[in-house]
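Trainee: Next up is a structure, given as structure tokens.
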Amino acid sequence: MRLSAYFVPTMKETPAEAQIVSHRLMLRAGMIRQMSAGIYAWLPLGHRVLRKVESIVREEQDRAGCQEMLMPTVQSADLWRESGRYDAYGPEMLRISDRHEREMLYGPTNEEMITSIFREECRSYRDLPKLLYHIQWKFRDEVRPRFGLMRGREFLMKDAYSFDMNFEGARKSYNRFFVAYLKTFARMGLKAIPMKAASGPIGGDMSHEFLVLADTGESAVFCHRGLLALEPPGDDVDYGGDLQPIVDTWTSLYAATDEEHDPAQEAALGGDLVKARGIEVGHIFYFGTKYSKPMRAVVAGPDGQDIPVEMGSYGIGVSRLVAAIIEASHDDAGIIWPESVAPFRVGLVNLKADDAGCAQACETFYANLGRAGVDVLYDDRDARAGIKFADMDLMGLPWQLVVGPRGLKNGLVEIKNRATGERQEVTMESAMSHLMG
RNA sequence: CGGGGAGUGGCGCAGCCUGGUAGCGCAGCUGCUUUGGGAGCAGCGGGUCGCAGGUUCGAAUCCUGUCUCCCCGACCA
């Protein structure tokens, strides 16, 4: 992509309304624009990141054996009356009526809908287990939206639902998501720690929040130092096998958010206690027959008797993750994208756009890197060097390839690593092979 | 939902108290000079001062209402 033609309205100054760093940087880097309180438009650069994050989430859900589908954003109020949540949900639910005055709502979540779909089609224990997910926009009419995408009203969420015949099956499903989440966040360069979460009236130990550690996180977290050193599962995980040992490893050490924190643990942990801050990016929980019973989602067991299915629900805040990644990875100059979610891998900076030699070298790089499958954002603008460097640092592409007349005289170009700030002058051939890796 | 604050050009702000026909920096456009970390000079364009009423000869400024946005708290992926 040529920057001269790309729609990325970057800003030198920070809009007054943006308080936290991810909000500020997303506005300044031209990724998003606010349309209403808590509602944002994704501009091309931001959209690329959102799609990358979404893809990683999707891949890991698929690997875990979960099947993607897509449910509507607008739902019928009647469905929610079946579970009793239409009245219970309160003003956070955006209620709307259609032209026939039918009561509708913009979905804040999809338990009722997926349960309804499931019960129509699945009648036998032989249909189980089923793991289903979708990635869809949700709306929760927060009293007070804030922190940019971190607490918006409209947000993109991956929500998955599991259906099993009994508790043991439900635990296996739960473990699949537990492991998939560890992998998902690790792929985005994040340290995400599972923390025991309140499981409400259901009880039990099967409810975990996944918190990304970032200094600016909104909740205080307390955990054992050992958790930070744990290696997340790799691609060799066998989802068909027993995942309990992995889950046990990650849940055996103390970890809690401030709400669940037991101060007595601090003394017990001593020097192993880590106090940090975190951002919740995922939540998994088992809720048994909470919806299947009232909504009569039952299957016939081996003995012919109907039994309500055991369910669980598993969310990841996809749009929030984009902000969380920035909170966890930035510096004074701007964003520092992990390679896996970067909108482009390489920023090609032509320091002197009207110099024939520079232009030619850049065009060659641009074409060759493109052919090699490397995403390149080519700053071909007729602008000053300082502006180009500042914009590149702000947008945070992992690699900058700087081409200027000074180096070019000696056949050299400069490669800068955005994360470390390290620069090296290399030959053009070496630059190519370096950036293709 | 309780408490606080703000709406003036694309962005950041001043002007409001003490009414007199709107200003500064950045950004934009044109020209010249510059050119490896957000250039300099000269010129140009762009604002129904959130909206609606009211007071007044005259309202960005005073009064009333209303909408929107932000911050703190309670609530939440």
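Trainee: Name the strands (runs of 3 or more DSSP E) wholly inside region A:361-437 in which the number of residues that are more than 12 Å from RNA strand B (Cβ to nearest atom), modelled with pLDDT of 95 or more and under 28 Å from A:R28 (Cα atoms) is 2 or more.
Mentor: A:376-379
Trainee: Checking A:A180 against (1) crowded, with 23+ Cβ neighbours inside 10 Å; (2) in contact with a strand residue (DSSP E or B) (Cβ under 7 Å, 6 or more places away or on another chain), which test does it fail?
Mentor: Status for A:A180: all satisfied but (2).
Trainee: Which is touching a Phe, Trp or Tyr at 6+ places or on another chain (Cβ under 9 Å), within 10 Å of RNA strand B (Cβ to nearest atom) and within 14 Å of A:D391 (Cα to Cα), of A:V318, A:V349?
Mentor: After applying the criteria, what remains is A:V349.
Trainee: Any chance you could count how many residues in region A:319-359 are under 27 Å from the mean Cα position of the chain (by Cα), in a helix (DSSP H, G or I) and among the hydrophobic types (A, V, I, L, M, F, W, C)?
Mentor: Count: 8.
Trainee: Sort through A:V346, A:V426, A:V376 and tell me the only one that's touching a Gly at 6+ places or on another chain (Cβ under 9 Å) and surrounded by 18 or more Cβ atoms within 10 Å (Cβ to Cβ).
Mentor: Exactly one of A:V346, A:V426, A:V376 is touching a Gly at 6+ places or on another chain (Cβ under 9 Å) and surrounded by 18 or more Cβ atoms within 10 Å (Cβ to Cβ), namely A:V376.
Trainee: So A:D159 fits all but one of (1) at pLDDT 95 or above; (2) surrounded by fewer than 20 Cβ atoms within 10 Å (Cβ to Cβ); (3) on the phi < 0 side of the Ramachandran plot; what number is the exception?
Mentor: Here A:D159 meets the rest and fails (2).
Trainee: Same structure again: In this structure, is A:S340 closer than 27 Å to A:I193 by Cα, within 10 Å of RNA strand B (Cβ to nearest atom) and not β-branched (V, I, T)?
Mentor: No, not satisfied.
Trainee: Any idea which residue in region A:268-315 is surrounded by the most Cβ atoms within 10 Å (Cβ to Cβ), counting only those that are part of a helix (DSSP H, G or I) and not acidic (D, E)?
Mentor: Within region A:268-315, the match that is surrounded by the most Cβ atoms within 10 Å (Cβ to Cβ) is A:L269.
Trainee: Residues being near RNA strand B (Cβ under 9 Å from one of its atoms), under 23 Å from A:M71 (Cα atoms), assigned to a strand (DSSP E or B) and more than 16 Å from the chain's Cα centre (by Cα): count how many of those fall in region A:140-168.
Mentor: 0
The values are calculated or read from the model by the stated rules, or taken from the named source; none is laboratory data. Note that the structure is predicted; figures quoted are calculated from it, not measured. Quick reminder, even Gly has a Cβ in these numbers, built from the backbone with ideal geometry, and neighbours come from all protein chains shown.
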